[in-house]
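Since the structure comes first, as structure tokens, the remarks are kept for the end.
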DNA sequence: GTTCATCTGG
DNA sequence: CCAGATGAAC
């Protein structure tokens, strides 16, 4: 089974790139983030036309997540509220950042972790609160008896220093702060999840996002912030995990590249 | 000698369409309106690359006129102020709507007449004031001894009813009011200029502008508002005058088609 | 309907 | 640097 995650930065703008990629890379499930489309605007028909069932959670302009399955997904659940009580969720489902579905006994959780803007901003506080709740969300899924889980998406966090192009990048910059890394460890890794990419590649210099600005991609000034985390059974099963930088080379690309795990 | 006029509705957005057209239609002079670019933003290099000298008068966002010459133009003059005193011009050069240059003894005046919005608006008053001053401008050029003059551009006026797709179009709509038509006659035709298009075509159903909305072009709901007016000597010399609707059929076209006169 | 400026967000 | 929303202009 192949599962991919890709922040497409607008599904409408990137529709051709995404459908072409799916034709070349017929993964079983593609998890996308930043669809930037309401459910009405989402090009379901075009996704269906290339052989995928689409499950979407959109909002106007910002955020938005979706899952495309070659086979139907079951038990599709939207938001933290699909699992947690409204009291616990509070305002953290207002932005559409969470969708989950099951294929062949594998629970796939697709996340668009808040960016956080700058560490002195409200958005950074929101990101930390969101990551805290993510832990509760995943614990609840595990507690429900679900064994095989893939938690993937755009985490907007570089877990380790080698996931950043340069050691000179300030470590109190968003996506690199210890507060974010510690919360990612506490909310995901400490529950038993492992980073599938690191089963196969232990070196640095592998990135999934490059800033549009200052020719970040051409200069390979990237960050590895798109991850696929697996429960131990799936981590053992994993055959490969790789980043496909080809779509990042196209004209009008997303700033992110897709990451694919094969189980 | 071939002279063309074309409201391109943003030279930057239409750059490929315009340069392709120039390659197919190597007119001696192309007069454009609504360049919608400052002089800094104007793609002079791309125009030079297809063999044309560019003379520009731009402003930010709106209006803007330019002339492209296969040979250099001489005595290039910008605005009414190139000919009239500042006291006479007043505020009517704030918007960049006038540029002129000479080729082979022919004075070519390129105009972007104000649209006028609605007849109850300040913009309509501005349009009438502007047309009034245009008369003074042309009289001064004639008085200077210039004999052969081509006054062309987007006039935003349908001179006759047959220049509008439908007789049911209200004649108190901007571009069709008798106030505008009378001023156009007084400021241009009464000075001896003649509409070159009408030397060759006396029937209706020939248009140079179609509204983007309601599939105006597909339904041929057009207006002939882009004109080339000639002094008697040039009118006699004129061999042809035609509207090229081909570029209006392309994707992302200007809402105007080029009009070409051959002398 | 289309373009442009400005704004927000990344 | 890129994307979407909004508002103005045509």
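Among what's in the stretch B:74-97 and is closer than 20 Å to residue B:18 by Cβ and either within 14 Å of chain A (Cβ to nearest Cβ) or crowded, with 20+ Cβ neighbours inside 10 Å (or both), pick the residue that is farthest from DNA strand D (Cβ to nearest atom). Ranking the qualifying residues of the stretch B:74-97, first place goes to B:96. Somewhere in the stretch B:17-33, is a residue more than 14 Å from chain A (Cβ to nearest Cβ) and within 16 Å of DNA strand D (Cβ to nearest atom)? Yes, some residue in the stretch B:17-33 is more than 14 Å from chain A (Cβ to nearest Cβ) and within 16 Å of DNA strand D (Cβ to nearest atom). In the stretch B:189-216, the residues that are within 22 Å of residue B:254 (Cβ to Cβ) and modelled with pLDDT of 95 or more form Cβ pairs under 7 Å with partners that are more than 16 Å from DNA strand D (Cβ to nearest atom) and part of a loop (DSSP other than H, G, I, E, B), at six or more places apart or across chains, as follows: B:195/B:159; B:196/B:238; B:207/B:165.
Residues that are within 10 Å of DNA strand C (Cβ to nearest atom), part of a loop (DSSP other than H, G, I, E, B) and surrounded by fewer than 21 Cβ atoms within 10 Å (Cβ to Cβ) within the stretch B:2-35 comprise B:9, B:10, B:12, B:13, listed in sequence order.
The set of residues in the stretch B:123-139 that are closer than 19 Å to residue B:228 by Cα and either surrounded by fewer than 18 Cβ atoms within 10 Å (Cβ to Cβ) or within 14 Å of another protein chain (Cβ to nearest Cβ) (or both) comprises B:132, B:135, B:136, B:139. Among the residues of the stretch A:34-53, not a single one is under 30 Å from residue A:122 (Cβ atoms) and touching a helix residue (DSSP H, G or I) at 6+ places or on another chain (Cβ under 9 Å). Where helices (runs of 4 or more DSSP H) fall entirely within the stretch B:158-258, those with at least 1 residues that are over 27 Å from residue B:12 (Cα atoms) and more than 16 Å from DNA strand C (Cβ to nearest atom) are at B:178-187, B:197-200, B:232-237. Determine whether the stretch A:140-159 contains at least one residue that is farther than 23 Å from residue A:54 by Cα and within 16 Å of DNA strand D (Cβ to nearest atom). Scanning the stretch A:140-159 turns up at least one residue that is farther than 23 Å from residue A:54 by Cα and within 16 Å of DNA strand D (Cβ to nearest atom). Scanning the stretch A:119-157 for residues being in a loop (DSSP other than H, G, I, E, B) and either closer than 21 Å to residue A:257 by Cβ or within 16 Å of DNA strand C (Cβ to nearest atom) (or both) gives a total of 6.
The selection criterion, being away from DNA strand D (no atom under 16 Å from the Cβ) and in contact (Cβ under 8 Å) with a residue 12 or more places away in the chain, does not hold for residue A:64.
When the criteria are applied in full, residue B:116 meets the requirement of being buried (at least 22 other Cβ atoms within 10 Å of the Cβ) and either within 16 Å of DNA strand C (Cβ to nearest atom) or part of a helix (DSSP H, G or I) (or both). Residue A:249 falls short on exactly one of the conditions (1) under 26 Å from residue A:28 (Cα atoms); (2) in contact with a strand residue (DSSP E or B) (Cβ under 8 Å, 6 or more places away or on another chain), and that condition is (2).
On the stretch given as the stretch B:106-119, residues that are in contact (Cβ under 8 Å) with a residue 60 or more places away in the chain, farther than 25 Å from residue B:15 by Cα and touching a strand residue (DSSP E or B) at 6+ places or on another chain (Cβ under 9 Å) total 1. For residues that are more than 22 Å from residue A:253 (Cβ to Cβ) and within 16 Å of DNA strand C (Cβ to nearest atom), scanning just the stretch A:39-77, find the one that is farthest from the chain's Cα centre (by Cα). Applying the filter and picking the extreme gives A:60. Here residue A:106 meets the list (1) more than 15 Å from the chain's Cα centre (by Cα); (2) buried (at least 22 other Cβ atoms within 10 Å of the Cβ); (3) more than 25 Å from residue A:233 (Cα to Cα) almost entirely, failing just condition (3).
The values are calculated or read from the model by the stated rules, or taken from the named source; none is laboratory data. This is a predicted model, so every value here is computed, not measured. Cβ atoms come from the backbone with ideal geometry, glycine included; neighbour counts cover every protein chain shown.
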